[in-house]
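The values are calculated or read from the model by the stated rules, or taken from the named source; none is laboratory data. Bear in mind the structure is a predicted one, so any value in this text is a computation, not a measurement. A quick note on method: Cβ atoms are made from the backbone with ideal geometry, for glycine too, and the neighbour counts reach across all protein chains shown.
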Amino acid sequence: MTRYGQIGWRVAAVAAFAGTAALAVILTRAPARPDASLSSDVTSRACPTSGLQARLGGAAAVGTRLRAAGTYYTLEFTNVSHRPCSLYGYPEVSAYQDEHVTGGQIGSAAIRDTSIRPRPVMLAPGATAHAVLRIIVAGTPPAGCAQATAGELRITLPRQGLSASVPVHIPMCWQQGHASLSVQAIQARRGVSG
């Protein structure tokens, strides 16, 4: 190999090393702005079940966007802790008969009503958020509907393992293979969206 060939290889090796070092520096730098979809507020300060009070609001009149048959209620979640926290997504809701009645769960868990897009909801201490719950009531049942009375709702918040029990006394339609409940994503304000 000639002298110029050796120098050429050395220059190429130095250039490759410098390029690799520059690439390593670029790849290890933290991004200037974190991705909004990975907001630490949503994941690190999720409202624990123990810090919320859940209750069923009264039956609500609904606007034109909510046309399916049934009765609509608000599931209200109040932050009773001393720290702000966040809620995001759909609560899981199941209806159960009164504990003194055999039979347990009435039908399947609520299906998701996707007419409202999930958004992070920050709750200050004392603030309330809600989700709309639709119940097929036995008063106007579809064919094949059996009547059952829900004695409680069990509600599990997104990313939580513990459920909260809300006492109720609601007649429901229970039909094998048919959902009696649907629930919207948690929203930032009280009341029912039209």
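Assorted remarks:
- The residue list Gly107, Gly103, Gly126, Gly151 contains one member that is at pLDDT 90 or above, in the same structural domain as Leu52 (by TED's automatic domain parsing) and at positive phi, which is Gly126.
- Extreme residue, modelled with the highest pLDDT, among residues of the range 172-192 that are exposed (fewer than 15 other Cβ atoms within 10 Å of the Cβ) and over 12 Å from Ala110 (Cα atoms): Ala188
- For the range 81-92, the count of residues that are in contact with a Cys (Cβ under 6 Å, 6 or more places away or on another chain) and modelled with pLDDT of 90 or more is nonzero.
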